[in-house]
Amino acid sequence: MPTESLALDDVSFEIADGQMFGIIGHTGSGKSTLLQHLNGLLKPESGHIIIGDVDITEPDIAMTEIRKRIGLVFQYPEYQLFEETVAKDVAFGPRNLGLAEEEIQERVREAIELVGLDYETFKERSPFELSGGQKRRVAIAGVIAMRPEALILDEPTAGLDPKAHKDVLKMVEEVHRRTGNITILVSHNMADIARLCDRVLVIDSGRVVTVGTPKEVFSRRRELAEVGLDLPPVTQLTEALRQRGFQIDETILSVEEAAEQIAACLKARNTHNTQNVRRTEDK
């Protein structure tokens, strides 16, 4: 049909065990479609999606097998909370896997503690009485309780205030560190992607623009600008300083590294100016 278009076109990439993998792209670039394929909600017309040694695109694959391997946390997951207590909500996924009650309760406690909430304090509380950040943690715990091999987080800090944003990201880092699983982070926040991820995929119009380390990806300023993406704020700052003559690396991604190099440049400039004054006095 003339009005048809490919939602995803030749999207190929690999993620190594234990990696934090970022996916970035402007609105409508194909990120959500890609995530729904990774989670088995959509099936590709061609190609394969292999998790470990299991091809989840096989026609006879059961959804429960996919859920054991891939956990997807949508934007604003707290809107999907529905049970009367936190413990019951977190138990919903594991119970649908047909697990024994003892294992379900073990997973519920583990997941609640893993997202930074005290099990005894929160287990009997209504999820609807919690703060926005706490609701987000409970929703993520419900996916973690499935013990997936890969955890996909679609804009996990969307709509949160700065403190909750920081707290949720810290929780994501801790979950990733303790589980050692693959974590796929989708975000419009370039600073978060640059700081957290081992590798980054850029997608535009359903096609892969580039894949690489954060330094490799964010060094491609022109390509990113062409697909409507900005550099992390700290990189924008150091780029402006470079244009003013500061001798700073092009691929700075962290505030700490930027502060160190700016301080070194200022010290070198002060030393140079002092030497020039002394030479003038000597004359």
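The values are calculated or read from the model by the stated rules, or taken from the named source; none is laboratory data. Quantities reported herein were computed from a predicted structural model and do not represent experimental measurements. Here the Cβ positions follow ideal geometry from the backbone for every residue, glycine too, while neighbour counts run over all protein chains shown.
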Q) Which number in (1) touching a helix residue (DSSP H, G or I) at 6+ places or on another chain (Cβ under 8 Å); (2) over 18 Å from I193 (Cα atoms); (3) part of a helix (DSSP H, G or I) marks the one condition that L266 misses? A) (1)
(Q) Please go through region 59-91 and give me each residue that is acidic (D, E), over 24 Å from the mean Cα position of the chain (by Cα) and under 25 Å from E120 (Cβ atoms), ordered by number. (A) E83, E84
Q: Could you grab me the full set of residues in region 9-31 that are touching a Leu at 6+ places or on another chain (Cβ under 6 Å) and either assigned to a loop (DSSP other than H, G, I, E, B) or modelled with pLDDT under 90 (or both)?
A: F13, G30
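Going by the structure shown, is E173 surrounded by fewer than 17 Cβ atoms within 10 Å (Cβ to Cβ), within 13 Å of the chain's Cα centre (by Cα) and more than 27 Å from M63 (Cβ to Cβ)? I'd like the intermediate steps shown before the answer.
Values: surrounded by fewer than 17 Cβ atoms within 10 Å (Cβ to Cβ): yes; within 13 Å of the chain's Cα centre (by Cα): yes; more than 27 Å from M63 (Cβ to Cβ): yes.
So E173 fits the description; yes.
Out of everything in region 239-273 that is among the polar types (S, T, N, Q) and under 14 Å from P214 (Cβ atoms), what residue ends up being modelled with the lowest pLDDT?
Our first condition is that a residue be among the polar types (S, T, N, Q); within region 239-273, this holds for 243, 247, 251, 254, 261, 270-271, 273.
The next check asks that each one be under 14 Å from P214 (Cβ atoms); those that pass are 251, 254.
Values: T251: 79, S254: 84.
Among residues in region 239-273 that are among the polar types (S, T, N, Q) and under 14 Å from P214 (Cβ atoms), the one modelled with the lowest pLDDT is T251.
Listed here are the residues, each with its yes/no results for (1) surrounded by fewer than 16 Cβ atoms within 10 Å (Cβ to Cβ); (2) under 21 Å from K31 (Cβ atoms); (3) in contact (Cβ under 8 Å) with a residue 12 or more places away in the chain.
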| site | (1), (2), (3) |
| --- | --- |
| A141 | no, no, yes |
| M146 | no, no, yes |
| L153 | no, yes, yes |
| T183 | no, yes, yes |
| D192 | no, yes, yes |
| I203 | no, yes, yes |
| V209 | no, yes, yes |
| T213 | yes, yes, yes |
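Just to be sure, is L81 closer than 30 Å to V211 by Cβ, touching a residue at least 40 places away in the same chain (Cβ under 8 Å), in contact with a helix residue (DSSP H, G or I) (Cβ under 6 Å, 6 or more places away or on another chain) and surrounded by 15 or more Cβ atoms within 10 Å (Cβ to Cβ)?
no
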Q.
For region 74-113, which positions are aliphatic (A, V, I, L, M), under 22 Å from A158 (Cα atoms) and at pLDDT 95 or above?
A. V86, V90, A111, I112
Q: Could you tell me whether region 224-233 includes any residue that is touching a Ser or Thr at 6+ places or on another chain (Cβ under 7 Å) and not in a strand (DSSP E or B)?
A: no
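Report the residue count in region 124-138 for those that are crowded, with 16+ Cβ neighbours inside 10 Å and either within 16 Å of the chain's Cα centre (by Cα) or assigned to a loop (DSSP other than H, G, I, E, B) (or both).
Taking region 124-138 and keeping what is crowded, with 16+ Cβ neighbours inside 10 Å, we get 125, 127, 130, 133-138.
With the extra rule that they be either within 16 Å of the chain's Cα centre (by Cα) or assigned to a loop (DSSP other than H, G, I, E, B) (or both), the set shrinks to 125, 130, 136-137.
Of the residues in that region, 4 qualify.
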Q: Please list, ordered by first then second residue, the pairs with beta carbon atoms under 6 Å, 6 or more apart or interchain, first in region 44-58 and more than 21 Å from L6 (Cβ to Cβ) and free of Cβ contacts under 8 Å to residues at least 40 places away in the same chain, second outside any strand (DSSP E or B) and of a type outside the set (K, R).
A: D55/H48
Q: Scan region 72-82 and give yes if some residue there is aliphatic (A, V, I, L, M), more than 22 Å from M171 (Cα to Cα) and either in contact with a strand residue (DSSP E or B) (Cβ under 9 Å, 6 or more places away or on another chain) or not in a loop (DSSP other than H, G, I, E, B) (or both), otherwise no.
A: no
Q: Read through the list (1) buried (at least 18 other Cβ atoms within 10 Å of the Cβ); (2) of a type outside the set (A, V, I, L, M, F, W, C); (3) in a loop (DSSP other than H, G, I, E, B), then give the number of the only condition that H188 fails.
A: (1)
